[in-house]
Each structure stands twice: as structure tokens, then as C-alpha cells.
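The values are calculated or read from the model by the stated rules, or taken from the named source; none is laboratory data. The structure displayed is predicted, hence computed values, not measured ones. A quick note on method: Cβ atoms are made from the backbone with ideal geometry, for glycine too, and the neighbour counts reach across all protein chains shown. Keep in mind that these areas ignore ligands, DNA and RNA; they rest on the heavy atoms of the full protein, side chains included. Shrake-Rupley method; radii C 1.70, N 1.55, O 1.52, S 1.80 Å.
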Amino acid sequence: MLTRKQYELLVYLDKELRKKGVSPSFDEMKDALGLKSKSGIHRLITGLEERGFIRRLPHRARAIEVLRLPDNMDGPVAKAGQKTTGKRFAANVIEGDFKLAGVSPVADSESVQLPLYGRIAAGTPIEALRDHSNAIGIPADMIGKGEHYALKIEGDSMIDAGIHDGDTVIFRRSDTADNGSIVVALVEDTEVTLKRLRRKGASIALEPANTEYETRIFGPDQVKVQGSLVGLIRKY
């Protein structure tokens, strides 16, 4: 799921890469989307990269590769400096038996139903996803007291913490979290993200668990915790 501006930027990047073979500058992106500052473009680029739609190529200026397009977009995928082949991006997946504390198979008995809110995505506050028509059964001993919900993960920004694209993660609903815990965070009332929370003085750092992504620093009023990670379910 993409915000309108993320969608517009992805369409613009794909068009410019197919036409010129090089990604536009941040100033060109800013003007094309009608934004006032390049910081907004930086946030959009980070969001698209975390969700696996684009990749910034290291050690190369203005080098962005479009990896895939949303399902409702037709056409080839453009890569920086390459001609299009007309084929959509398809990732190779190697399944393993990696285990994470809190990972548990779904039991047939003694299970509870949690609301499954869909994929965590920028621009979608958790409240907007409260649709109890979708639910998932999990072992009752996987959660404790309090209100819990489940989310599907999109992207690989937390892969080094054992959280992969397509995983189902379980959260205890809370507006506070311990320093260093993995949380669902609402940033500036517009973007929802899954990151490790660190408090540094009066600032809040949202840390990815992937060296390909950068830590983002915010003021105390810019981040609202919406839940803390308590477990994970993965299908093989």
C-alpha cells in the first residue's frame, strides 16, 4: 500500500528512468510533485525503498533502481542506466528454518482470534486499519494481558531482527514502549513504520535492522507509539 505521493513519485521515477536512463535529481522530484522541500522527497524515497519498490545504488550519484511497480500499474520496470526488458521484477526467495524468540506455529486448539489489519504501510494509521472482518488465530499462550492485533510486514528494513517481508507480527496495543523495543510508530501523523525505538535525550531515533537503511531522528512530539512487538508467525 502506498500513499498518493509515494505512488506519484514511483510513477515519475519509472517514467524518467525509461526515458533518460538516469534518475532525476531531488530538486526535479520536488518540482514534479509540487513539494516545498527536498526533505519531503527524502521521506518518500525512504518509504519506497523500505517497501521494496526501489533501490538506491551505493557510491553512485542520482542512482535509483525501480524494482517493482504496484499491482495496479502496467508496463515495464526501469532500472538506472539499463534498457527495459518488459518483464516485471520477480525476487528469488530461499526459505530457511530461522527461529526468532516469540515465533510460534498456529495451534489448532487453545487459540485466540486477533484482528489482522493488513500490511503495515506509510500513510495508514493503525486506527484506519481497524477492520475486524479479517482475523488470524494464534496460540493463546503467545500473548498476555491487554489488547493485541496482527499486521502483515511489507519490506526488509527489519530483516536483521528476523522480521521478513510477508511475516505476520503480533503487537500489544500501547502508546508507550521500553527503550530499544521494536514498535509500530506513527510518524508526524502520516507515516506508520516498524522500527526499533531509541530515546536519545529529547530526541527519538527509529532504527532499522538492515544496514541498507538509515536511522531517522525525530523530536518527541513527532512520533507516537501504537504498539510493541510480542511475537511473530511465519509460513514456509
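Of note:
- Residue 187 satisfies every condition listed in (1) within 27 Å of residue 4 (Cα to Cα); (2) modelled with pLDDT of 85 or more; (3) crowded, with 20+ Cβ neighbours inside 10 Å except (3).
- Of all residues in segment 3-16 being open to solvent by less than 60 Å² (accessible area, probe 1.4 Å) and either among the charged types (D, E, K, R) or within 18 Å of residue 193 (Cβ to Cβ) (or both), the one that is farthest from the chain's Cα centre (by Cα): 16
- Residue, surrounded by the fewest Cβ atoms within 10 Å (Cβ to Cβ), within segment 17-50, restricted to residues that are touching a residue at least 60 places away in the same chain (Cβ under 8 Å) and more than 21 Å from residue 217 (Cα to Cα): 21
- Considering residues of segment 196-236 that are open to solvent by 30 Å² or more (accessible area, probe 1.4 Å) and closer than 30 Å to residue 137 by Cβ only, the residue nearest to the chain's Cα centre (by Cα): 196
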